[in-house]
Each structure stands twice: as C-alpha cells, then as structure tokens.
Amino acid sequence: MLDKRLLSELDGLTIGLVLLLSLIGVVMIFSAAHVQSGAYYLRQLTWIAVSLAALFLVLLVDYKVLLSLSFYAHFLVVVVLAALMAFARLVAGTKSWIAVGGFRAQPSEIAKIALILVLARLFAEHRGAFVRWPRLVLAVALAAAPVMLVVLQPDLGTALTFLPIVLGALILAGLRRRTVIVSLILAATVAAGGWNFVLKDYQKKRLTTLMHPAADTRGAGYQILQSKIAIGSGGLAGKGFLRGSQSQLRFLPARHTDFVLSVVGEEFGFLGIAVLLGLYVLLLARLFLVAGMARDRAGVYIVFMVALLLAFQFFVNVFMIIGLFPVTGIPLPLLSYGGSSLLSTYVAIGLVLNIKMRRFANV
Amino acid sequence: MMRERIYEDLTLILRRARVVLYLCAALCVFLFIYYWKVQILDHGKYWKLAEANRTRVRVLTAPRGLIRDRDGGILADNTVGFRVSLDREVTPDLESSVAAMSRLLELDPEVLKERLAKTGDGATLQPVVVKDNLTLEEVSRLESRRLELPEVVVEAEPKRAYPRHRFAAHILGYLQIMAPEDLQSPLGKRHRPNEMAGKTGIERQYDAVLTGTDGTLYEVVDSFGRSRGEISRREPVQGRDLWLALDSELQQKAEELLGDREGAIVVLDTRTGELLTLASFPTFDPNGFISRFTPQEWVDLASNPTFPLENRAIRGLYSPGSIFKMVMALGGLDAGVVGPGTMFSCAGSTIIYGNPFGCWLASGHGPMNLSDAIKNSCNIYFYQVGRRLGIDQIANYARLAGLGRMTGLDLPGEKDGLVPSTEWKLKTANAPWFPGETISVAIGQGPLLVTPLQIACVTAFVARRGVPVTPRLARDEDPPPAPDRVDLPASVFERVVEGMWRSVNDGGTGRAAAVDGFNICGKTGSTQVISRERAAQLARQGREVKTHSWFSGFAPRDEPRIAVTVLVEYGGGGGALAAVLARDLFELYARKYAR
C-alpha cells in the first residue's frame, strides 16, 4: 500500500514540527503538574506514541477510501454520542467521557474527524461558485447532529470547535450575501433562544465575565486574571523553568491543560511565547500551503478544514489565556495535556499528509 | 492543458482559502503585538500582582510587658492562646465556610456572621478573628480540615494571664477590644482593630508602656494559603515591664481581711505617696474574660447588684462620717473659732437652730476640749465647730485637705466626690443653703461624699503636717511634681494628731487599732446610710441596722511612714470593725518594715 515513492513524499518538516510542539508540551506539562500527584507528562508521552501510530495508520489508506466510508463513520459516531448521552456517567459534570481500559477518551474529538470527511465528501461534487440551499441544509444538518449531542453533554468548548469545520466548508463552497444574511438572522434567533433556554448559568457567567473580568475575582474572572498575571509577570525572558510563582504555587488554574501556554509565558517570557507562536505559524502556514497542492476538490476541503480547525483552536486558546476571549475550555492543540485532543489533532494532520503524499493524479 | 484534463479547476476555492490564510496572518500579527504589550509594556504591573499573590504579610503580635509588684512578683503574665480567623480573600463561598466553622466551633452561625459583619468595610481583605481562646480540641479539629478549609486560619498569639486570679484585680484591670469611641484616641492609634487593648486599671493607664511593637512576617504562600517559607521577618518587641509600688503581702492581707464583705482598704506610704495596697471587694477573676468577644461571665459581673467590677477604693462614694472631724478640727483651729482649750459639754443631745441633734453616745461625754472630742468622736463638740465655721469655710478647708477633687492616682476612672457649699446648693438645687444642713456636714453626713482613697490622702496630709501627697501605683514611671505645703500652722496639725493618737492609744474610739510600740494615730467613723426614721422603723422590727464602718490612721506619730484607710459597707461601728482590720495591717507593716 505504501510504496517507496509515497514514502519519499512524506512531509518530514510537518511531522517534525508536530513532534517538537508535542515534546515542548510534555516539558511544560511537567512544569505545570509536577507539584500535584499523577505523572501527567508520562501519560502525555504515552498518548504521543499512540497518536503517532494513529497518524501513520491514517497514511496507509488512500484518503479516497476514507471518503467513501465517511457517511458510515459519521453515522456511527453520532450513534456513539447518542449512546453516551443515554448511558454515560457524569464525569466532572459532563457526559463526554468513554472509558477504554485505563484511559479515558472523548468520542467528540473523533466526531470532528468524521465531520471533516463527510463534509469533504458532500462538497467534492460541488463545482458551482456558490452553494445552493439543499446542499447547505444537508451540510448544516450533518454537523448539527454531533454538535447538538455535544452541547447536551454539556461541553460547550468542544461543540464550538465544530464551527470552524462547517464554516471552512462553506467558505470554500461559497455563500451568497443573502444566504449569509438569512443564516445570520437564523443564527441570532437560535443564539437568543439558546441563551435563554439552553445555556447553563455557569456558561452565561463565562461570557459575561469576559466583559468584566474584575467583577468576579474568584470565578471565571479569577482564572483569566491569574493567567494574565502569569503571562505579564513573565516579562521578556521569563522567570525560568520551574520558577514561575503563579504556576508553581498553583495560582494558575488548569495549568497543564487549557492554560499551559500561560506557564510558558511566565517561565520563558515573551521570547518563549514568540518561539512557540512562530512554530505554530509555521505549522499552520504549512497546512494551508498543502491545500494548494491537493489533487482534487475533496482534498482541498479536507486540508482547509483541518487547517482552519487547528487555527481556530489555536487562536481561541491564545486569546482566551490573555483575556481576549471567554474561558471556553478549548485546549491548545498539541501542547495541552489531553489524549483525545492530541489523537484527533494527529489524525487530522495525518489526513493532510495523506493528501499531500497522494497529490499526483497518476498514482 | 494536461493539467486541465487531469486535475479539476480549483482556482476559485484556493483563492478563498488564501483569503482566510491572510486573515489568519493578520490575527497572528495582532497576537504578537498584544502579547508584547502584556509581557513587555505592562510587565511591571503584572509583576507586582504576582508578588502580591505569592507573599503574605502576617502580623506577629508582641507580648505585653509584665506587671510586677514591688518585690518583683509577677501579677500580669503572658501565655499562649489560639485564635481562629477567616481569610475572606481566599473564601470561595462565605455561606459554606460559616456553616463549616459554626459546626466545628459549636458556634451559632448567626453569631459568627455578626462577628464577620462587625469588622467594617475598611479592611475587608484582612482576616477576621471569629473566635479566640480556643481549646486544644478545637484547634486540632480545625487543623485536621486544613485542606478543605484553606480560608480558616488558626494562629497562636500571646494571651494575657493573671496568675493570681482575683488578686489585685481592680488595680491591674483587664483587656478588651476597643470600644468604637476609643478608635480615634491615642489608644486606638496604638492598636489594630480587633486587637486587645487595656480596658481598665493599670492595663489601661500604662497601655502605651505595656504594649510592645508588633513584628511582621513576609512569607510565600500558595493559592491555598499554605505557607511555603519565609521571605523576611521582623521579630515583635515585647512591651516594657511595669513595677508597681504594690506590696503583695499587705494587699493579700487586706483582701483576706475584707473576706466576703463589701468594702475597700487603702495603704499608703506617707513618705512617697506610693500605694502599698488598694483593695476593693467584691472582686473578680479577669482570666475568664480576656476575649475579643463579650463573654457571658463579664456580662454577669457587670449586671451584678454588688458591682464587683467597680473599684470601690477610687470610685465608691461614701459619707465620711466622723472621719471628717479631722478636717473640722483643722479648720476650727486655723480659723480660730476654737482653741486648744475651748470646752464644750456633751449631754448626749443638743438643740441647734431649733432642731434637736444627738451625739452617738446618748448618755453624753460631759465637758471636753478639742483633743477629747477627737478621741471620743463627740458629735456635740463638732456641731459647735461647724456652726461657728459655716458651710463655706468648711468647704474651703475640705478642699484644702484634698476632698472634692481627684487625688491624681495613676488609675483611670477615679471619682472626685462632693464638697457642698452655698454656691453648690444654689447651682444644683437652685435653693439657698440652710444653716441646719451645716450641722450634718460638720459630722461628715449630708451631701458630703468622699472616696476611701481621698480619705487615705487626707490622713497622709495630716500625718505630713500639711504637705499633700499624690498617690502613685507605678514606681518607675515619671511621677507628677510633689504638691506644695499648704498654708496652715504646724501647731494646728499637732493638736489634731494628738487627738488622733489618744483615740487609739488613750482608750478612744480607735483603741482597737492599737499596736504596741507603733504609735498609731487614727480616727473612726460610722456613717448612717439610711434615714433616721427608716432606721427606727427597722429597729422596731427587730432587724439589725448597720452603719458603714470607717477607720483611717497613720503611724508612727512622729516621722510617719504609712497611712491605712479601711471602709466596710454595713460593717457597723468604725471602732468595732474597721479599726480591728486596720490594726492587722499596721501590725503586718510594722513586722515587715519598721523593725
């Protein structure tokens, strides 16, 4: 299945960047979590190994095959999510976890991959300049099923990450101005309804504290404030590895997960942040460039949706930890502790590499 | 053309992808700039916030100085007490914290909330002390929940202790948190809110001396408020020790003598004005209520009808009765209304201004001079002296002797008593003075009011032959300037002293006070505390009517060293009780010092 020519097309730079970021993550997770029990950095290393294996597994199969199976995969994932709603026990207030042996996984992460594939499959035949209503409605319906189930878990942060996927597909497919306007009105109606009838109080609070972080120093505003203090007090060169008072004395919340970049900001300063941001920019630019190499429409869609998904998670996280976006519970891809997130990111990048490897029509 | 056939035309969607790429690039530029702003431009601000996060300043309460008696014995000491406070800065949910604490401390949640609310809004982030004097059991109960309740802070602090309990309690006073009205005073500026400060007695008077300088401790804490080490530390400096003139042996004896009677005893060193004894009974044990919170024990004492919290020696107002004859004799001699040889005859009663006035001895004393009159405490003689002097001259001599104003003792709350005059009557009652009232005042009754300490000072004034004395408790604190000798001839004092000597040593009313070889001079007093009609009524019912019992004297006659004043409420005749008690004190003093 993988001959020599395909192997020679393997993108070493991208894999190198992904591994480098993951390992930096392990170091920062160590710094953030060594003060508490549970060797999180070791578990993350295990997950990196598992994820890397998954990435190569994805490379083995031509993405055309994956596309042809996408509808079944998507259906299966929705069924699993529904079953989760019915049978899962509450863990940390949500029903988003499925226990596999000693590890726990979040099926919602895999649902993103399924959605990317199914949307690419849907728009592969779409050649017009603008998308028409039937396909638009179908696309939204395909996305709505997993999103609704994830919202109900309730895991607003993860649900939000489905947005760039759908948006990415629609941007490429093309939306007329009136379609956008009608959609916005619909979205506003749904948003208003959601605010009043669906969102829980703590979720509303997260949104309102963004506007007035100082008003609530012990709740969500406390997290943002502590994170800003950590980043700001880092200065140019930082306080040094394992020497950040905010991180080591546990003022910083969710240090090894959502706020892991704040630890970088505190201990390695602006220079550390700049290097990391540079690495991400390099990775994202690389992904966007691959879009231009894809041999077919479905390939472009997949690469673009993956790139936009990662970019979205990246921007939301870096804006969140510095107080420019609400605390949504979206981790920083590759760096934050969390196996499911890591696995889905590796698989998504695997898809991109798969497309790049098989960019020549005559293979 | 090959490309056209094999590959799809993707230029449109790639163009759209490129637009998104540019948008992302723009976001990245903004990101760099914003992180630059936070990390480089605003670095100082966040650095300070991080430092404030991780450092905590703790006040190390300085122990108060010790209070010692004249031999160095410790009267007020320090032990360790535990207090628990709530740090509202790290309190996630006040309701649940209050619920947990009220359960662990067995305190009513309402009481707890009230204590939290009382601290005002100025220091909302300061930990609030919610209970002190914890038992060890309470401390361990709280400490075992250290992790669940990081906002609950248990700290050890120096705690005042009075090792001899009720002993000299009125002199020492006790501590309480400051009343709101004290906050603006120098006392309030010296103490932090909710800290214990001197409330009464020596603790209050010398609070500035006894209060030490609190230390500070800067320490690193984590987000749970747990200490992770010290940064710097300034040790607290204990307050200065205070040495009192108090002689514990005499004080102890005086308190024993009073037993369970209500009264006061003052022993004064006539040479220096130092107070060797200042006893008041009933008394109290301040150890039970050294707390920030009004303890039930204190409330009970404050509402007790016998007023155990009152220092009767300096705040009790009594008629001096026959004790006042010392002053009357001085005045009569100085004004020349009587001479040493002036005789009056006592027939047991007399009629003055148309009203009958009796002597305490119904059968009468017969003819007597001034010396005899003092010795026998004859009322008839002093009625005549009073009638001749008139109220305003009496008032002048009373003030000259030190009555009607505070003695200047270094204790707070002293009362100044009352010396009546025509002016006073006009001002307070808007009525003229009736000459008949003068006759009552002449034997120390009527509106005239004195404290036992004032009487001790009058006695010292006579003993010093006209040099007033300012009583002092603290030995080494700067004393006030010694008062000047008053303008009375020495011979006047010798006549009065002679009468007082004969009262004790020549079979007079004070004879029960006599101690062999210790030339005591004294004067007794028995004051009616109820009206004559009421007394007669009670006597008819067969109930015993007792007067307040006074004795005041000094010794030795020449070169006097101490003055002793005894007052026993409802003690009966001065010669029968007060003089007996005084004798024991003179004897103890003579044994300890004079020989």
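The values are calculated or read from the model by the stated rules, or taken from the named source; none is laboratory data. All values derive from a computational prediction rather than experimental measurement. Glycine gets a Cβ as well: all are built from the backbone with ideal geometry, and neighbour counts include every protein chain shown. The accessibility values were calculated without ligands, DNA or RNA, using every heavy atom of the protein model including side chains. Shrake-Rupley method; radii C 1.70, N 1.55, O 1.52, S 1.80 Å.
Here are the numbers for this structure:
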item	result
Test set (1) modelled with pLDDT of 90 or more; (2) touching a helix residue (DSSP H, G or I) at 6+ places or on another chain (Cβ under 8 Å); (3) small (Gly, Ala, Ser) - residue A:174 fails condition number	(1)
From B:215, B:229, B:239, residue being over 21 Å from the mean Cα position of the chain (by Cα), surrounded by 15 or more Cβ atoms within 10 Å (Cβ to Cβ) and over 19 Å from residue B:409 (Cβ atoms)	B:215
Any pair with Cβ under 6 angstrom, 6 or more apart, that starts in the stretch B:83-106 at a residue that is touching a residue at least 24 places away in the same chain (Cβ under 8 Å) and ends at one that is open to solvent by 20 Å² or more (accessible area, probe 1.4 Å) and in a helix (DSSP H, G or I)	B:104/B:141
Residue among A:167, A:186, A:163 that is farther than 26 Å from residue B:24 by Cα, assigned to a helix (DSSP H, G or I) and open to solvent by 30 Å² or more (accessible area, probe 1.4 Å)	A:186
Complete set of residues in the stretch A:292-301 that are open to solvent by less than 40 Å² (accessible area, probe 1.4 Å) and either within 7 Å of chain B (Cβ to nearest Cβ) or within 17 Å of residue A:321 (Cβ to Cβ) (or both)	A:295, A:296, A:297, A:300
Near pairs, Cβ below 9 angstrom, 6+ apart or cross-chain, from the stretch B:434-461 (closer than 17 Å to residue B:316 by Cβ) to any residue that is aromatic (Phe, Trp, Tyr) and surrounded by fewer than 23 Cβ atoms within 10 Å (Cβ to Cβ)	B:447/B:424
For residue A:140: the one exception among (1) open to solvent by 50 Å² or more (accessible area, probe 1.4 Å); (2) within 14 Å of chain B (Cβ to nearest Cβ); (3) within 22 Å of the chain's Cα centre (by Cα)	(2)
Every residue from the stretch B:415-456 that is under 16 Å from residue B:277 (Cα atoms) and either open to solvent by 10 Å² or more (accessible area, probe 1.4 Å) or part of a loop (DSSP other than H, G, I, E, B) (or both)	B:451
Matching option when the condition is within 7 Å of another protein chain (Cβ to nearest Cβ), crowded, with 17+ Cβ neighbours inside 10 Å and of a type in the set (Lys, Arg), among B:54, B:88, B:64	B:54
Residue ranges of strands (runs of 3 or more DSSP E) in the stretch B:207-290 with at least 1 members within 14 Å of chain A (Cβ to nearest Cβ)	B:215-221, B:227-234
Residue count for the stretch B:323-365, restricted to those that are outside any loop (DSSP other than H, G, I, E, B) and either within 23 Å of residue B:448 (Cα to Cα) or open to solvent by 20 Å² or more (accessible area, probe 1.4 Å) (or both)	23
All positions within the stretch B:306-332 that are over 19 Å from the mean Cα position of the chain (by Cα) and not aliphatic (A, V, I, L, M)	B:318, B:319, B:320, B:321, B:322, B:324, B:325, B:331, B:332
Near pairs, Cβ below 9 angstrom, 6+ apart or cross-chain, from the stretch B:273-286 (more than 22 Å from residue B:462 (Cα to Cα) and open to solvent by 10 Å² or more (accessible area, probe 1.4 Å)) to any residue that is part of a strand (DSSP E or B) and of a type in the set (D, E, K, R)	none
Hey, residue B:290 among the β-branched types (Val, Ile, Thr) and under 21 Å from the mean Cα position of the chain (by Cα) or not	yes
Residue satisfying all of: in the stretch B:134-173; part of a loop (DSSP other than H, G, I, E, B) and in contact with a Phe, Trp or Tyr (Cβ under 7 Å, 6 or more places away or on another chain); modelled with the lowest pLDDT among these	B:150
Check on residue B:476, open to solvent by 10 Å² or more (accessible area, probe 1.4 Å), more than 35 Å from the chain's Cα centre (by Cα) and more than 22 Å from residue B:335 (Cα to Cα)	no
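Listed here are the residues, each with its yes/no results for (1) facing another protein chain (nearest Cβ under 7 Å); (2) assigned to a helix (DSSP H, G or I); (3) charged (D, E, K, R); (4) within 42 Å of the chain's Cα centre (by Cα).
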{"site": "B:8", "(1), (2), (3), (4)": "yes, no, yes, no"}
{"site": "B:21", "(1), (2), (3), (4)": "yes, yes, no, no"}
{"site": "B:27", "(1), (2), (3), (4)": "yes, yes, no, no"}
{"site": "B:50", "(1), (2), (3), (4)": "yes, yes, no, no"}
{"site": "B:78", "(1), (2), (3), (4)": "no, no, no, yes"}
{"site": "B:96", "(1), (2), (3), (4)": "no, yes, no, yes"}
{"site": "B:99", "(1), (2), (3), (4)": "no, yes, no, yes"}
{"site": "B:103", "(1), (2), (3), (4)": "no, yes, yes, yes"}
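A quick yes/no check of all residues on (1) farther than 19 Å from residue A:19 by Cβ; (2) touching a residue at least 24 places away in the same chain (Cβ under 8 Å); (3) more than 8 Å from chain B (Cβ to nearest Cβ):
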site	(1), (2), (3)
A:241	yes, yes, yes
A:250	yes, yes, no
A:260	no, yes, yes
A:267	yes, yes, yes
A:270	yes, yes, no
A:280	no, yes, yes
A:285	no, no, no
A:290	no, yes, yes
